[in-house]
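Shown next, in structure tokens, is the structure this report addresses.
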Amino acid sequence: MTKKWFKIGLVGVFLLALALRFWGLERFNTLVFDEVYYAKFGNNYLTGVPFFDGHPPLGKLIIALGIFIGKNIPWWDDTVNGLTGTLMSPLVYRWMNAFLGSFIPLLIAGIAYQLSHRRTFSLIAGLFAACDGIFIVEARYALINQYIVIFGLLAHFLLLLALNHKRQRYLYLILSGASFGASIGTKWNGVFYLAGAYGLWIIAWLIRFLQTSKFAYREPQQLYREPQQLYQDQTLVADTRLNRQQLLFMVKNKQRYEGKNENKPSPLQNLTQLNIFQIIAFLGIIPFIIYSIIWIPHLRLDTKYDFIEVHKQIFGFHERMGGNNANVHPYCAAWYKWALMIRPMAYYYQTAQSFNDPLPVMGPPLPSGAGKVIYDVHAMGNPFLWWFGVIALVIILGMLVWNLIVPSIKKKQFVFPEKITTEAWIAIYLILNYAVNLLPWVKVTRCVFIYHYMTGVVFAFIAIAWVVDQCLHSYRSLFRATGVTVTFLIIGSLIWWLPIYLGLPLTNQGYRPLRMWFNSWI
């Protein structure tokens, strides 16, 4: 893929994300789900009303900024409500989230590119991210979960830029540390992104030690054999039943696949260029400073608690959330239910008698069976994207084990490859960051919801994009067909479930069973 088409593709992905987030943004002239808290809290910062919230203030401050700007846009006052404490259009308290949320696919594409320098892989990753439902839903309302992801991904992107560009390294590291602080300043689980960075640094040093130790061996283990090597190895051709035409396809395709960056090493191996003092300064002290600064506007507004006491209050708030079962909240979903999307969550549900009725925004829905038209906003991922993402992570983990661990089993002694391929580094990055964003929830006993998985599922998006990219560039027609099929299933899945992401009207049958495939989804 040429640089020109790569840029055009990224613009297209951004415009798609923008359209999905802004189309009919004012549809429900009410407060949807946790807008009853966060839209009000954002407005409280502007009206000077003290309040307590169980999370750090950054997400609400961004909503407040959106309200401040949006109230000065004159054509956004046609449909208004006073549910935030001030008369305003729902566009006013939603537009900032929609705008900033549109950048998540670009951040994911940027991370994929910095990891691999492969344009096709990067573009596919961005496209898949734009096709996910829960990120569309979270961006269309005044909610704060997406900001953990935005700043966490931005921090990782800037860290990779620092590793790829030695001349501007310190600037990128400062900005990366600030972004980590901003992610934690939205919700505390933003610290998992920082933990992923620490984990990568430790692994990079461990790999460097093993590669220079007596355990290193000179047979580089690769997830994929170089096509030039296959072409020249006639014995391998005979053994693998590859014909000369297939190998020529691989050789030609490699140049299009990797281009001039084919020999560029992974930036992650440059982590060993950072010493412990730099890690503490850039990824320890700076995040803490930024996190502390974020609290200043809130502490000036609400003087009831100081910096230490407010953290004690927040910790106590979460301790009192109760057990993780349906008795506490009907949509409680333990961590092991997230990846397979067993228990998504309804953010809004109302019924009407006909498509011509005014949009139902106030009061309880009609009795069961009475409404012929359903308006539902579901915090639900793109089913095929999430399911394929899990499969991709399993495939990548299997490849990593095969290339790094199986050689030791075969040799009956511990050995380690002297060289680690870019593909192996990508696998390490994805598996580690997915794990550190999921496994800490195993020990959490309070009620948790599917939106807590948003910080981790983005790495599943990158994983399935990586597998699809490998399939599309495979010499085997079956693999290429698989890559195309998976891509169209993910895009088709977005189109099919779009009504419940955007809150479009559905008939009873169109809602269930056509879109609500399982009882646990309702």
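Every number in this text was worked out from the coordinates using simple rules, so none of it is lab data. Computed from a prediction, not measured in an experiment: that's the story for all the values here. Cβ sites come from the backbone with ideal geometry, for glycine too, and all protein chains shown count toward neighbours.
Observations on the model:
- Reported label for calculated Kirkwood radius over Cα pairs in Å given (1) 22.9; (2) 24.7; (3) 27.3: (2)
- Calculated from backbone phi, Karplus (6.51, -1.76, 1.60) coupling profile of segment 410-424 in Hz, x at Gly/Pro: 5, 7, 6, 7, 6, 9, 8, x, 5, 10, 10, 6, 4, 4, 5
- By the Cβ-Cβ criterion of under 4.7 Å, the unpaired cysteines of the chain are CYS131, CYS471.
- Only one residue of HIS55, SER179, PHE518 has its Cα farthest out toward the positive end of the dipole of the chain, where Lys and Arg carry +1 and Asp and Glu -1 on Cβ, and that residue is SER179.
- Residue order, fewest to most beta carbons within 10 Å, for CYS471, CYS131: CYS471, CYS131
- Computed over the chain, the per-residue total of -39500 (n - 2.57) for DSSP H runs of n ≥ 4 gives a 222 nm mean residue ellipticity of -18500 deg cm²/dmol, rounded to 500.
- Per-residue HN-Hα couplings for segment 116-132 [Karplus 6.51, -1.76, 1.60; θ = phi - 60°; Hz; x = Gly/Pro]: 10, 6, 10, 5, 5, 4, 4, 5, 5, 4, x, 4, 4, 5, 5, 8, 8
- 5 angstrom amide H check on PHE416, placed H, neighbours 5+ away: ALA216, TYR217
- Basic side chains Lys and Arg get +1 at the Cβ, acidic Asp and Glu get -1 at the Cβ, and with that the dipole of the chain about its Cα centre reaches some 1540 debye.
- Compared with the dominant principal axis of the Cα atoms in the chain, helix 454-472 is inclined by about 40°.
- For ALA346, the amide hydrogen comes within under 5 Å of the amide hydrogens of ALA379, counting only partners 5 or more places away or on other chains and with H modelled in the peptide plane.
- Dipole moment magnitude, nearest 20 debye, segment 282-343 about Cα centre, only Lys, Arg, Asp, Glu C-beta charged: 220 debye
- Residue order, fewest to most surrounding Cβ atoms within 10 angstrom, among HIS329, HIS452: HIS329, HIS452
- Hz values of 3J(HN,Hα) by residue in segment 397-408 - Karplus curve (6.51, -1.76, 1.60), Gly and Pro given as x: 4, x, 5, 5, 4, 4, 8, 10, 10, 4, x, 5
- The charge dipole of segment 338-429, taken about its Cα centre with unit charges on the Cβ atoms of Lys, Arg (+1), Asp and Glu (-1) only, comes to about 520 debye.
- As a rough guide to protection, the peptides 138-150, 422-434, 20-32 ranked by mean Cβ packing within 10 Å, highest first, stand as 138-150, 422-434, 20-32.
- Charge tally in the Cβ shell below 11 Å around TRP295, where Lys, Arg are +1 and Asp, Glu are -1, TRP295 excluded: -1
- Under the criterion of Cα pairs below 8 Å and six or more residues apart, the relative contact order for the chain equals 20 percent.
- Residue exposure proxy: ARG512, ARG480, ordered by other Cβ atoms within 10 angstrom of their Cβ from fewest to most, comes out as ARG480, ARG512.
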